[in-house]
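The values are calculated or read from the model by the stated rules, or taken from the named source; none is laboratory data. This one's a predicted model, so the numbers in the text were calculated from it and none came from an experiment. Cβ coordinates were reconstructed from backbone atoms using ideal geometry, including for glycine residues, and neighbour counts include every protein chain displayed.
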Amino acid sequence: MKPYVYVTRKLPENIIQTLETFANVGMWESEEEPVPRRILIKEAEKADALLTMLSDKIDAEIFQVSKQLKVVANLAVGFDNIDIEQATKQGITICNTPDVLTDTTADLAFSLMLMVGRRLFESAELVKNGEWKSWSPLFMAGTDVHHKTLGIVGMGSIGEALAKRAMGFDMRILYHNRHRKIEIEHKLGVEYRTFDELVTESDYVVCLTPLTEETKGMFTKAVFQRMKKSAFFINVARGAIVVEEDLLQALREGEIAGAGLDVFQTEPIDSNHPLLQLKNVVALPHIGSASIETRTAMMELCCENIEAVLNNRKPIAVVNEELKSR
Ligand code: NAP
């Protein structure tokens, strides 16, 4: 009998057809609404594989009820929504979608820098609202991006792709990781800094680390106070890396000049959230990897990962290291 794959959100027909070449497929039929918890639990009990979204909480309870689950393929590079420890304990492989989304996400990070620096969103809204009355020398004047200092916190795949884009804008590029990348320093001409040095020196601080116990709440009031008053903060990683109340306070009190945010502590963010009332905040609905090409590639990679594990082959992208060598 074919294995059973449960997909937690409605995906395009061609992706389902790919899964059906090697499995029986069940799917939550809504594009908008996440699968209800009780249905997810019921499906996890009998599934051999789950194809999940970053909005699904795949915790110990899900793994414990599962009777034959072998693989969870998450449609994201981040996997902070999954209890990796429990999965590994039970021998369940966790897969993600690195690399295929790198350039698209870097494009978005750079767009946010331009949007907040050059006040693009504010300007576009003003025109549409009929508030463009005249031209004047400093009308909607923003801050340059070219020749400024970019600080990348988390110089991984997306960080490197962002650095390449910044080179085209003649930016000076600083980075911070737990480990130095000497080869990348030579290749891209980027300079290593401690976290404190980076936030102090940069005009644009871009967060691109994974959400982990170590990075949770990494950007606090003290960090924003260390930044230049003219600097911008961009978050394309995960909302919980930032203490949102501290960011709000820093923006209100002019500790920093503005923020470009693709991710939030709670998603979707409430439209009454005080951050959204600020003119110098550009907020996007977690669309870092959202191009048709990239989302399609991510879905295809999920299918390949699932197929490999169900056929006892090594998948392309495994998260739980301990299982990698099997
Ligand atoms: P990656 O290649 O694994 O890079 C992550 C980088 O973060 C690594 O260079 C790592 O270097 C660094 N890092 C990890 N922990 C750190 C810490 N405590 N302090 C400083 N640096 C740390 O991952 P990626 O593909 O670039 O993706 C990065 C993150 O972006 C993902 O985890 C995901 O959450 C987010 N993302 C968001 C979107 C979106 O739609 N907004 C899309 C894609 C990805 P060291 O190990 O040397 O510290």
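Filter segment 92-115 for residues that are of a type outside the set (Ser, Thr, Tyr) and out of contact with any strand residue (DSSP E or B) (no Cβ under 6 Å at 6 or more places or on another chain) and give the result.
The answer is 92, 98, 99, 100, 101, 103, 106, 107, 108, 110, 114.
Output the number of residues of segment 187-222 satisfying the condition of being under 18 Å from residue 264 (Cα atoms) and out of contact with any Lys or Arg (no Cβ under 7 Å at 6 or more places or on another chain).
The first filter runs over segment 187-222 and keeps only residues under 18 Å from residue 264 (Cα atoms), leaving 205-221.
Going one step further and asking which of them are out of contact with any Lys or Arg (no Cβ under 7 Å at 6 or more places or on another chain), we end up with 205-210, 212-221.
Of the residues in segment 187-222, 16 are under 18 Å from residue 264 (Cα atoms) and out of contact with any Lys or Arg (no Cβ under 7 Å at 6 or more places or on another chain).
Condition check ((1) at pLDDT 95 or above; (2) farther than 24 Å from residue 153 by Cα; (3) of a type outside the set (Lys, Arg); (4) in contact with a helix residue (DSSP H, G or I) (Cβ under 7 Å, 6 or more places away or on another chain)) across all residues:
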| position | (1), (2), (3), (4) |
| --- | --- |
| 256 | yes, no, yes, yes |
| 273 | yes, yes, yes, no |
| 285 | yes, no, yes, no |
| 296 | yes, yes, yes, no |
| 307 | yes, yes, yes, no |
| 322 | no, yes, yes, yes |
| 325 | no, yes, yes, no |
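Restricting attention to helices (runs of 4 or more DSSP H) lying wholly within segment 42-118, give those where 3 or more residues are closer than 30 Å to residue 163 by Cβ, more than 12 Å from the ligand (Cβ to nearest atom) and in contact (Cβ under 8 Å) with a residue 40 or more places away in the chain. Before the answer, list the steps.
Details: elements: 60-65, 84-89, 102-117.
So the answer is 102-117.
Check off (1) within 14 Å of the ligand (Cβ to nearest atom); (2) buried (at least 20 other Cβ atoms within 10 Å of the Cβ) for residue 247 and give me the number that stays unchecked.
It fails just one condition, (1).
Output the number of residues of segment 21-55 satisfying the condition of being among the polar types (S, T, N, Q), under 22 Å from the mean Cα position of the chain (by Cα) and surrounded by fewer than 20 Cβ atoms within 10 Å (Cβ to Cβ).
Of the residues in that region, 1 qualify.
Search segment 119-152 for residues being in a loop (DSSP other than H, G, I, E, B) and aromatic (Phe, Trp, Tyr), and hand back the single one that is nearest to residue 259 (Cα to Cα).
This residue is 139.
Kindly indicate whether any position in segment 208-218 is surrounded by fewer than 23 Cβ atoms within 10 Å (Cβ to Cβ), away from the ligand (no atom under 11 Å from the Cβ), more than 27 Å from residue 15 (Cα to Cα) and without any contact (Cβ under 8 Å) to a residue 60 or more places away in the chain.
yes
Take residue 158 and tell me if it is closer than 27 Å to residue 277 by Cα, under 18 Å from the mean Cα position of the chain (by Cα) and at pLDDT 95 or above.
no
Could you check segment 229-284 and list, in sequence order, the residues that are of a type in the set (Val, Ile, Thr) and closer than 21 Å to residue 55 by Cα?
236, 241, 242, 243, 263, 266, 269
Which of the numbered conditions does residue 302 fail, given that it passes all the others? Conditions: (1) without any contact (Cβ under 8 Å) to a residue 24 or more places away in the chain; (2) within 16 Å of the ligand (Cβ to nearest atom); (3) under 18 Å from residue 18 (Cα atoms); (4) not polar (S, T, N, Q).
In the conditions (1) without any contact (Cβ under 8 Å) to a residue 24 or more places away in the chain; (2) within 16 Å of the ligand (Cβ to nearest atom); (3) under 18 Å from residue 18 (Cα atoms); (4) not polar (S, T, N, Q), residue 302 misses (1) alone.
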